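Q: Below is one structure. I have some questions about it.
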Amino acid sequence: MSDTPAGATLLSLTRFRWPVSRSVSEWSQSLEARFLKNPRRRRAAKAFLDFSCGVLSVGLAVALDPGVSQFGLTETLRLGAAVGSLLVVADVVGGQHRAMWRYTSLREAIEILASSMVVAAGLAVARVMDLVSFPVVTLTLMALLILFTRIGVRALRRWQIATLKASAGELQLGAHVAAPHRVLIAGAGEHGLSIARHLKRTAPRVELVGFLDDDPAKRDASSNGTPVLGPTCDALAIAQRYDVSEVIVAMPSAEPLLLRALACQLEHAGIRVQAVRGAERFVTGQEVHRPGSATLDELLDQPLDSVAAAVVLARERRSRSRENGLRRVLVTGGAGYIGAHLVRLLLERGYHVRVLDRFDYGRAGIEGLHHSRLEIMEGDICNSRDISRAMRDVHGVVALAAIVGDPACNLDAEETINLNYTATKILAETCSFYGVRRLVFASSCSVYGANSHGWLTERSRLNPVSLYARTRVLSENILFDRCGDVEPVILRLATAYGLSPRMRFDLVVNTLTVRAVVDKRVTIFGGKQWRPHVHCRDAARAFLMALEAPAGDVAGQIFNVGGNALNHTIRKVGELVSRTVGAVEITTQNEVADPRDYRVSFEKIRRALAFEPELSVEDGIREIAAAVRADPALQRYQDPIYHNVQALQQAFSAPRHQHADFPPARALARA
C-alpha cells in the first residue's frame, strides 16, 4: 500500500501523528501534574472554561449579526462577562463545577442544558427590561453558541482523557510496567484493616492511599502505617486530592442509603467504587466481625425491563391484598420445632400463613391444625421453582428451614451446604425478585463457638467450631450481600428447649428432662460449659416481633434471641432438672465432646423490640416432665422422630422425590 501515492500520504500522516499525539499527551500530563491535581484549581479551571464559553458566545453572536454591529467592544465584553458569570453561578448551583468531564451521562447533559437555559432566560429578561437591545434571533444564537461551545469543551476534555489513556497503555506495553492503582478504603475497622493487610501483602502494584472513617477517635491517626485521611462525607474531595482510582467500601454496618449516596457521588466523578463481600472473607478463613454488607452493584444497577415488570406486578398484587386486609407470610420449615409454634401465633394474629416444608421430620408440627388461612406446600427450599411458587403474593418471609445441630449437619456435608447455605442465596434473590421487603432469618448463637471471654454481643468476634455454625455465618453474609431492597433481619437463637408439637429430645434441657423422668438418671459430660437458652415458644414470639417491627428498628440488624437470666452451665441445667423432676441420679463425667462454651448478652433485642422471655428453664422442664408422664409415645424418647440425626438418616436413605412428584399447594381442611 505504501507504494501508491495514497499509501505514501497515509504513511506520512501516520508518522506525523505520533510526535503530535505524543506532544499533546506530554503537555496534558504536565498540566495535570502541575496544576489540575488540586481539586480547587481543577474546579477553578472548569469555571474559567465555562466563563470563557459565555464570553466567546456573546462575541461571536455580535460579530455574526450585522444588525448590532454598532454594539462596541466594551459593551460586548461587559455583556460577555455578565453572561459568563451567570453561567458559572448556574453550574455551581447545579453541581456541574464538580463533574470530572470524563464520561457522558444523562444527568450531565440535563445539567448542561438547564444551566444554558438559565442564561438564555436571563438574556430574555434583560431584553424585556431594555437592558440590552438585541433582537430575539441574536439572543437565540447566543444561547445556542453557549450550549455548543460547552459541549465542544467537554468533548475536547474527553478526547484528552482518551489520549492520555491510550498513551499510558502504549507506555505500559513498551515498558511492561503498570502505573500503581491508587486505592482508598472507606472504613478503618476490622474489615478495612484486613483488606489493607491483604493488599500490602499480595498486591505490589496497588498503592493504598489511606482510610476514611467517621470515628472521631481515628481522625489524623494511622492504622498499620496507613493514615486515616478524614470522614466519609469528604470522600470525593479526598479521592480527588490524592488522585484515587478506586474506593473500597468496608463498612458492612452502614445503612444502604448512605452507601448509595456515597457511591453515586464518587461514580459521578469517575471514581470506581466497590464494597466488601463478607462471605468471601469467611470462606478464605479470615475473621468475620459483622457479616456482610449490601453490595454497591446491586444498590446502583437498574433491573432489566422484564424483571422490573415482574417486580411491579408482584408489588401491585401485594398492595391489593393489603387493601383487602390480607397479610400473607411464608414460613419455610413451618412444621419444625419452632415453626409449629410460629405458624399458630401468626394465625392467631390474623395472618394468612403459607408453609413450605420438605417434611424430613414428619408432619407432627402441623398435624391436626386446620384453618382457612393456612396453606401447606410440600417442597424443597433448594429448588428455585418451589421457592418461586411459595413466594407469590407474599408480604414477609420467615426462614426456619435448615439442618439444625452439629451431629445432623455432619451426616452429609454436601446436603448441609446445599440446604443451609445455597438455599439461602436462592431465598434472598427470590425475595428481591418478587419485591418482598421483610425477611427474618433463623441463625444461631453457636456462631460464637468456643468463646468464654465475658458476655458476647452481636458485635463480638465469631468463632464457629462446627459445620453448622459455619453455614449460619455464611448465610448471614449472603443475606446482607444480596439483600437489594429486601430488609433482612437475622435472629441468632440461643439453645432452644421446651414442649412443641414437633418434639425434639436431642436438645440439652429436653434430653436431661426426659431421661430424668423415664430413666431416673442423667449423665452430664463436663458441665462447666456455658450455654444460653430460650424456650421454643419465646423464640417463635421473637420471630413474630421481628416480622412486625418498623424497618427503622430492625432492617439490616442482627439480634441475639434469649434472656440474660437464661445463661446456665450444663451442670446448672442438670441441677435444675434434678430439683424440678425429683429423685434423679446425676452422674458427671469429665469428658467434654462439645467444645462450645459461651455466655450471650440479649440487651440489644430487649432495647429494640422490648423482647423478654416469658418462660424460664424450670418452666420448660416442668411442662416436658408433665407431658412425658401423660403421653406414653413421648416416653419412647429414643425413637428417630424425636432426633434430627436419626430422622435425617432415614430421610437421606429414602429415594428423593422429583419436583413433579410434589403435590400442588393446597389448603388444609377449612375451619
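Laboratory data are not the source of any read-out in this text; all were calculated from the coordinates shown. Being a predicted model, the structure only gives us computed values, none of them experimental. Using ideal geometry, Cβ is built from the backbone for each residue, glycine included, and neighbour counts are taken over all protein chains shown.
Q: Just rank Met129, Met117, fewest to most, by other beta-carbon atoms within 10 angstrom.
A: The order, fewest Cβ neighbours first, is Met129, Met117.
Q: Hey, fewest Cβ within 10 Å first, where do Ser475, Ser245, Ser500 land in order?
A: Ser245, Ser500, Ser475
Q: For region 412-531, what mean projected area does the convex hull of the alpha carbons give, in nm²?
A: 9.7
Q: According to the square roots a ≥ b ≥ c of the eigenvalues of the Cα gyration tensor, what is the shape class of region 327-664, taking rounded for a/c under 1.5, prolate for a/b larger than b/c otherwise, and oblate for the remainder?
A: The shape class here is prolate.
Q: Would you kindly derive the ³J(HN,Hα) couplings of region 602-614 from the backbone phi angles with the Karplus curve 6.51 cos²θ - 1.76 cosθ + 1.60 (θ = phi - 60°), listing them in order in whole Hz, with x for Gly and Pro?
A: Per residue, the Karplus-derived 3J(HN,Hα) values read 10, 5, 5, 5, 5, 6, 6, 10, 6, 8, 9, x, 8 Hz.
Q: How do Arg327, Arg606 rank when sorted from fewest to most other Cβ atoms within 10 Å of their own Cβ?
A: Arg606, Arg327
Q: Separation of region 502-547 and region 108-152 by C-alpha centroid, Å?
A: Taking the Cα centre of each part, region 502-547 and region 108-152 sit 78 Å apart.
Q: Hey, another quick one. ³J(HN,Hα) across region 197-206 via Karplus (A = 6.51, B = -1.76, C = 1.60, θ = phi - 60°), whole Hz, x for Gly/Pro?
A: Values per residue, Gly and Pro as x: 4, 5, 5, 5, 7, 10, 10, x, 8, 9 Hz.
Q: Return the sequence-ordered ³J(HN,Hα) values of region 393-401 in whole Hz as given by the Karplus equation 6.51 cos²θ - 1.76 cosθ + 1.60 applied to θ = phi - 60°, using x for Gly and Pro.
A: Computed from phi, the couplings for region 393-401 are 6, 9, 9, x, 10, 10, 9, 10, 5 Hz.
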